Amino acid sequence: MRHLLSTEDLSLHNAIRILDTAEEMAAVGEREVKKLPALRGRTVVNLFFEDSTRTRISFEAAAKRLSADVINFAAKGSSVSKGESLKDTAQTLAAMGADAVVIRHWASGAPHRLAATDWIDAAIINAGDGTHEHPTQALLDAFTMRRHWSKLAGTPSAGADLKGMRVAIAGDVLHSRVARSNVWLLRTLGAEVTLVAPPTLLPIGVDKWPCAVSFDLDETLAQGVDAMMMLRVQGERMNASFFPTTREYSRRWGFDDNRLRALDSLGLKDTIIMHPGPMNRGLEISAAAADSPRSTVLAQVRNGVSIRMAALYLLLSGENREPAAAPVSASAAASHAANPNLTYSHQESH
Amino acid sequence: MVLTRVVLNQADIDRALTRIAHEILEANKGSQDLVLLGIPRRGYPLAVRLAAKIAAADPTVDAAAIVGQLDVTMFRDDLSHQPTRPPYPTQLPRTGIDNKVVVLIDDVLYSGRTIRAALDAIIDLGRPRIVRLAVLIDRGHRELPIRADHVGKNLPTSSSEKVRVRLEETDSVDGAPDGVRINEVVIEATA
């Protein structure tokens, strides 16, 4: 794994590897010294062309817990507002010796562009691109679900997948990169996904996605759901009217107090309520639902740091990732491999 | 061609561990404050076996309560020169390690770099009164000023040879997860 760009092409092996590594990273947050020296001397650049609070802070906390140096770059107040191109920004970061670039961009595909070109030789992590993907959010959602699912089954979560788990994702699917990344990842992990949304907020071609589609939230709940994920209504991306009024939206598509009570009367006592944040309380989720014991909103934030630590660690450690400032020449790499003192396998690491 | 030579069989390993268990008790003048931390992968099963032997020699000891696992992956100095290693869990005994006598346990002592990483890992978890080191095999070729307090067998080797420890908890004859279990230490030399 060299970059983390999307969950669509993430293999089951790599997905489980990230989740398992995150499980160990989570333990660090509970220790007295909440820091590991694994990425000492590495530089992680947070390149954010779009506003974000929790994702940027989460990546920053993750990088710092692994002892990496963090440079935060926000498009506002930078040369981007003077018209600098993505290429020039990337080459500037490369010249400064960035080992990893965490990029959020309003254009779908911007992280792929950075990864595919020779503008910068760093690990690229997609932190949300347009309405395309947000892989670390999907991974932290899957991590949260896996912990819940394993706890119910009474088995350890390490190594487990989500086979048989019923997940409903409701709300603004059209503008949601979280929904897209979750659909691909949850399919890979074996969960059954149902998208619930008004027809105006579903993208074209959704019938070809590996999931079911429903237009009725109450009906979906009645069929049984193990995890209910509410999506944020993305007002800032809406350039047309997708639903008549916010009151109608919250009554038909929001997770309100009546639906919270319905979970109990339907006998769904172990169903969790998830939200990627930031929440529009009273619109897609009621305050009572967001603050109920079923809500995993804060656990998701906590798990986000662990997942991002795992992603940074897996991308930035390992022999194929020499520091960007000092690329190893082919002959140096060959003599390294020829020295028997340095070539011991994982099984024999004394 | 790879030449394989068995240097310790199951009975040899068991005898060595029995002796180390008694040495640990002797050096500590009893079992008070003892904590055994095994380094994954094969140090941990050795720590479990040693704890059982210590409990057999001293009935006041609860074997499960003094043994733990210490992962050192994130503290290694060769992270950028090796294939990416996924970390293993770190599990400390419930009593913690503050003011304890911690005995680190690993299968093979070679360069000493794993133990250097383990010492750093311990410091981030607490402050033991004493840290000691017990290994099944000491094969020499140290690169750091580190030595073991308790050694199962000193094994002079050439650095071109490989020492493989196979334990029934982690290994089978053919490497398959459900294969026939095996306990042995072999030296592999390329002829």
Take the residues in region A:33-54 that are more than 19 Å from A:Met96 (Cα to Cα) and either within 13 Å of chain B (Cβ to nearest Cβ) or modelled with pLDDT of 95 or more (or both); name whichever of them is surrounded by the fewest Cβ atoms within 10 Å (Cβ to Cβ). A:Val33
Lone unmet requirement of (1) crowded, with 19+ Cβ neighbours inside 10 Å; (2) at the interface with chain A (Cβ under 9 Å from one of its Cβ atoms) for B:His81: (1)
Report, by residue number, each residue of region B:132-191 that is touching a Lys or Arg at 6+ places or on another chain (Cβ under 8 Å), among the polar types (S, T, N, Q) and assigned to a loop (DSSP other than H, G, I, E, B). B:Thr157, B:Thr170, B:Asn183
List the pairs whose first member sits in region B:122-151 and is within 14 Å of another protein chain (Cβ to nearest Cβ) and over 22 Å from B:Val186 (Cβ atoms), whose second member is acidic (Asp, Glu) and exposed (fewer than 14 other Cβ atoms within 10 Å of the Cβ), and whose Cβ atoms are under 8 Å apart, counting only residues at least 6 apart or on separate chains? B:Asp124/A:Glu32; B:Leu125/A:Glu32; B:Gly126/A:Glu32; B:Gly126/B:Asp98; B:Arg127/B:Asp98; B:Pro128/B:Asp98
Residues located in region B:131-167, provided they are loosely packed, with under 15 Cβ neighbours inside 10 Å and at negative phi: B:Glu143, B:Leu144, B:Pro145, B:Arg147, B:Asn154, B:Pro156, B:Ser158, B:Ser159, B:Ser160
Of all residues in region B:68-88, which are in a loop (DSSP other than H, G, I, E, B), in contact (Cβ under 8 Å) with a residue 40 or more places away in the chain and of a type outside the set (Phe, Trp, Tyr)? B:Leu70, B:Asp71, B:Val72, B:Arg76, B:Asp77
So which residues in region A:74-97 are assigned to a loop (DSSP other than H, G, I, E, B), of a type in the set (A, V, I, L, M) and touching a helix residue (DSSP H, G or I) at 6+ places or on another chain (Cβ under 9 Å)? A:Ala75
Restricting to region A:23-57, give me the number of residues that are touching a strand residue (DSSP E or B) at 6+ places or on another chain (Cβ under 8 Å) and of a type in the set (Val, Ile, Thr). 4
Among (1) of a type in the set (Asp, Glu); (2) surrounded by 18 or more Cβ atoms within 10 Å (Cβ to Cβ); (3) in contact with a Gly (Cβ under 9 Å, 6 or more places away or on another chain), there is one condition A:Glu24 misses while meeting the rest; what is its number? (3)
Segments classed as helices (runs of 4 or more DSSP H), wholly inside region A:118-226, with at least 1 members that are small (Gly, Ala, Ser) and surrounded by 19 or more Cβ atoms within 10 Å (Cβ to Cβ): A:135-153, A:177-188
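The rows are residues; the columns are (1) of a type in the set (A, V, I, L, M, F, W, C); (2) touching a helix residue (DSSP H, G or I) at 6+ places or on another chain (Cβ under 8 Å).
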{"site": "B:Asp138", "(1), (2)": "no, no"}
{"site": "B:Glu143", "(1), (2)": "no, yes"}
{"site": "B:Gly152", "(1), (2)": "no, yes"}
{"site": "B:Leu155", "(1), (2)": "yes, no"}
{"site": "B:Ser158", "(1), (2)": "no, no"}
{"site": "B:Arg166", "(1), (2)": "no, no"}
{"site": "B:Val173", "(1), (2)": "yes, no"}
Can you name the residue in region B:1-26 that is more than 18 Å from the chain's Cα centre (by Cα) and in contact (Cβ under 8 Å) with a residue 24 or more places away in the chain and is also surrounded by the fewest Cβ atoms within 10 Å (Cβ to Cβ) among such residues? B:Met1
Of (1) farther than 17 Å from A:Ile273 by Cβ; (2) modelled with pLDDT of 95 or more, A:Asn182 fails just (1)
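The values are calculated or read from the model by the stated rules, or taken from the named source; none is laboratory data. What you see is a predicted model, and the numbers here were worked out from it, not measured in a lab. When we count neighbours, we look across all protein chains shown, and the Cβ atoms used for this are built from the backbone with ideal geometry, even at glycine.
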